[in-house]
Amino acid sequence: MIDTKRIEQMLKREIARANKPENLANYQQFFKEKLDEPVGLRGPVLRAISNLIYREVKAEGPVEILQMCDRLLETDLRCRRFFAFEWAAKQKDHFRPSEFARFEKWLKKYVDYWGACDSLCAGPLGILIAQYPELAEKMRPWQKSKNRWLRRGAAVGLIVPVKQRQLLDEVFRTADVLLQDTDDIVQKGYGWMLKEASNRFPEEVFAYVMKHKARMPRTALRYAIEKLPPARRKQAMAK
């Protein structure tokens with residue numbers, strides 16, 4: 001059994017040790033939401049801490065580790081959400097379809113900024129969807145949610161599968177629903193989804209963009225065509 005208090009103390013100690021001027025980032029400039037933590041640690045620093053402490057728990061079973069992730073999320077500290085989503089992704093060889101309910105709960109309850117949304121949805125959730133593509137349908141209700149993070153998650157959750165040449169039809173279906181979403185957080189999310197799809201399906205994504213560009217917000221359009229050849233980007237941006 002994981003000694004949760006010991007692990008939390010180790011995390012606290014390592015975060016304090018890494019909290020040096022050269023490792024700090026002014027995260028607030030990247031977020032519209034008011035962050036409740038005075039400083040942020042850069043992603044590579046957090047990942048190094050995550051990997052260091054994970055060595056202390058990796059011998060435990062996936063059930064115990066995912067329960068530890070639940071506990072980290074309950075602390076409501078943003079950096080610990082990063083650790084929870086990282087450690088959950090490491091259990092991918094043991095995922096079962098039933099994990100969808102856990103990840104959906106995490107998204108609804110603990111995600112309140114785009115970094116956490118992407119860590120979860122392009123991490124363990126996306127991995128799960130790639131393993132069990134039939135679960136993609138369960139994200140469809142998110143597309144019309146009042147919660148911006150569910151709407152963004154509905155798109156970002158398809159990034160891992162489409163990178164593996166899966167669920168292109170679902171990508172386009174999701175883009176159809178989110179096409180004229182007025183929230184730029186959501187626009188960037190489905191634009192990113194289309195951009196990743198263009199790496200595997202450039203012709204199909206280009207055709208989709210050309211068909212819908214008149215209605216697609218420019219923010220989403222710019223994201224979607226970023227990986228296309230220059231000539232096609234120019235064609236897509238032309239009015």
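The values are calculated or read from the model by the stated rules, or taken from the named source; none is laboratory data. None of these values were measured; they are calculated from a predicted model. No Cβ is skipped: glycine too gets one built from the backbone with ideal geometry, and neighbour counts run over all protein chains shown. SASA here: full protein model, heavy atoms, side chains in, ligands and nucleic acids out. Shrake-Rupley method; radii C 1.70, N 1.55, O 1.52, S 1.80 Å.
Details
- Restricting segment 17-58 to residues that are farther than 21 Å from GLY123 by Cα and aliphatic (A, V, I, L, M), the residue that is modelled with the highest pLDDT: ALA18
- Residues in segment 85-118 that are small (Gly, Ala, Ser) and either modelled with pLDDT under 95 or touching a Ser or Thr at 6+ places or on another chain (Cβ under 7 Å) (or both): GLY115, ALA116.
- Flag if GLU226 is open to solvent by 90 Å² or more (accessible area, probe 1.4 Å) and of a type in the set (Asp, Glu): yes
- Among the residues of segment 112-129, just one is open to solvent by 10 Å² or more (accessible area, probe 1.4 Å) and either over 20 Å from CYS79 (Cβ atoms) or in contact with a Cys (Cβ under 7 Å, 6 or more places away or on another chain) (or both), namely ILE127.
- Among residues of segment 50-63, those that are farther than 16 Å from GLU14 by Cα and either polar (S, T, N, Q) or open to solvent by 70 Å² or more (accessible area, probe 1.4 Å) (or both), counted: 3
- Applying the criterion of being out of contact with any Leu (no Cβ under 9 Å at 6 or more places or on another chain) and over 21 Å from SER198 (Cα atoms) to the residues of segment 145-161, the residue that is surrounded by the fewest Cβ atoms within 10 Å (Cβ to Cβ) is LYS146.
- Spans of helices (runs of 4 or more DSSP H) in segment 160-239 with at least 3 residues over 19 Å from GLY126 (Cα atoms): 202-212, 218-224, 230-237
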